[in-house]
Amino acid sequence: MKVPSNIITLLAGIILTLISLWYGQNHGLMPAAASETAQEVDGLFNLMMTISTGLFLLIEGVLIYSVIRFRRQKGDTTDGPPVEGNVPLEIVWTAIPTVIVFILAIYSFEVYNEMGGLDPMASMDHGGSQMAHEHHDHGQLVALNSDNKSIALGLGASPNSDPNVEPLVIEVQGLQYAWIFTYPESGVISGEMHVPIDRPVQLKMTASDVIHAFWLPELRLKQDVIPGREVQLTFTSNRLGNYPIICAELCGAFHGGMKTTMTVDSPEDFEQWIQDNTFALTDTPGAVAMSSEQSAINN
């Protein structure tokens, strides 16, 4: 009994769809997500993997089928049929990628907005006391607050974050080849970063020498750190643990060694870490500062 070709095509389409959906959610290519925004990025990545897997299987499947089905038979020296084109088919394979690109563009736009990309001053205005406006300075977009002071640009707080929660401010200095973290509230200086879980963190980042890139893979965040400018990055981590901080911009001969860690602590452990380092800083401030910087360089 010969199975109709349309039934075979339908079954192949169902199998291809199921494989694509499964692999799109189970590829295992991303590290653990340590924030809600990281999960949003993973959702976009999973959709892209689902679509790309389906397209790969479809295109490669058609190629393999064509190679086998329409191969030249032994002893056949005739020319193939003169095929000039298929307008409906060309319209279909042009329209489908166009629709896919539009879907991904809209989805990625929403994810970027959730990460605060469209409101870089959000984390500077948690209480709503300062309104921001913009002007152009030598062709560059510069944000000004009500006091006409320059505000750093970068990824701001998520629009869904609680404006009543005061963020933890950390000043980050990138230099060849280390990251130095300063906590203005306590005066602690460290070569590694500690943050409390479920509390917004605002990084104010500058570079001392060349361009660096502050990369937190588990948070799906990467931000260039530029000499002479302050760049901000705001996030909220919801998972305890130790996560690598990597420089993702070639910054010199020992660029590969510019690594340290971010530790997400419970509120109690974070306060204890601050107290321990505050006491040490009070006892021997010079030694602690040098020790912290040396620790960052060694990491």
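Listing for the model above:
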| item | result |
| --- | --- |
| Counted charge near ASN238, where neighbours are those whose Cβ lies closer than 12 Å (Asp, Glu -1; Lys, Arg +1) | -1 |
| Exposure proxy order (Cβ contacts within 10 Å, fewest to most) of TYR243, TYR112 | TYR112, TYR243 |
| Net charge, THR78 excluded, C-beta distance under 15 Å - Lys, Arg +1, Asp, Glu -1 | +1 |
| Taking GLU171, GLU268 and counting other C-beta atoms within 10 Å, the order from fewest to most | GLU268, GLU171 |
| Order of MET49, MET30 - criterion: other Cβ atoms within 10 Å of each residue's Cβ, fewest first | MET30, MET49 |
| Gap separating the Cα centres of the stretch 1-37 and the stretch 175-206, nearest whole Å | 43 |
| Centroid-to-centroid separation of the stretch 219-272 and the stretch 89-108 [C-alpha atoms, Å] | 36 |
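Read-outs throughout are calculated quantities, based only on the coordinates presented, and are distinct from any laboratory measurement. Remember, it's a predicted structure, so these values are computed and weren't measured experimentally. All Cβ positions, glycine included, derive from the backbone under ideal geometry; neighbour counts span all protein chains shown.
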